[in-house]
Amino acid sequence: QVKLVESGGGLVQPGGSLRLSCAASGSIFTIYTMAWYRQAPRKQRELVALITTGGITNYADSAKGRFTISRDNAKNTVYLQMNSLEPEDTAVYYCKARYNMVDNWGKGTLVTVSS
């Protein structure tokens, strides 16, 4: 079973940028489709972006043009570069690894966008 640890969250002003990282351990990283989700207060968890084992990416409409997901298989890490951040992006961001219909989740990292 893969273990996921997110980092890179914090407080940022509107219009700013952050890069989230998710380090994986305990399994073969390259077999997993990786994704970033987020959950804002009093809202359901939602998909932000995903990247397949072959590097194909998909984004939520709210993330298109502002966020970029990438993976470094040599470092067992997936990233989420977030630009032009808005207060509506405030949420706990979670990393997820999926293989064979089984999901593994990290504990999340908090992103707060506020002036």
Original post:
How big is Rg to Rh over region 71-115, alpha-carbon atoms, Rh as the Kirkwood inverse-mean-distance radius?
Top reply: 1.06
Original post:
Can you give the percent of C-alpha pairs in the chain whose distance is more than 21 Å?
Top reply: 30
Original post:
How big is the charge dipole of the chain about its Cα centre, in debye rounded to the nearest 20, if each Lys and Arg gets +1 on its Cβ and each Asp and Glu gets -1 on its Cβ?
Top reply: 200
Original post:
According to a simple spin-label model (label point 7 Å from Cα along Cα-to-Cβ), what is the distance in nm between Arg98 and Arg45?
Top reply: 1.2
Original post:
Counting only protein heavy atoms, what percent of the accessible surface of the chain is carbon or sulfur at a 1.4 Å probe?
Top reply: 48
**OP:** Return the ratio Rg/(2.2 N^0.38 Å) for region 4-56, where Rg is computed over Cα atoms only.
**Re:** 1.34
Original post:
Rounded to the nearest whole Å², what accessible area per residue is found for region 13-115 with the 1.4 Å probe?
Top reply: 54
Subject >> Furthest towards positive pole of dipole, Thr68, Ser21, Val111, structure part the chain, Cβ charges >> reply: Ser21
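The values are calculated or read from the model by the stated rules, or taken from the named source; none is laboratory data. The model shown is predicted, which means the values in this text are computed figures rather than measured ones. Positions of Cβ are generated from backbone atoms using ideal geometry, with glycine treated the same way; all protein chains shown enter the neighbour counts. For the accessible areas, the whole protein counts, side chains as well, though only heavy atoms, and no ligand, DNA or RNA atoms are used. Shrake-Rupley method; radii C 1.70, N 1.55, O 1.52, S 1.80 Å.
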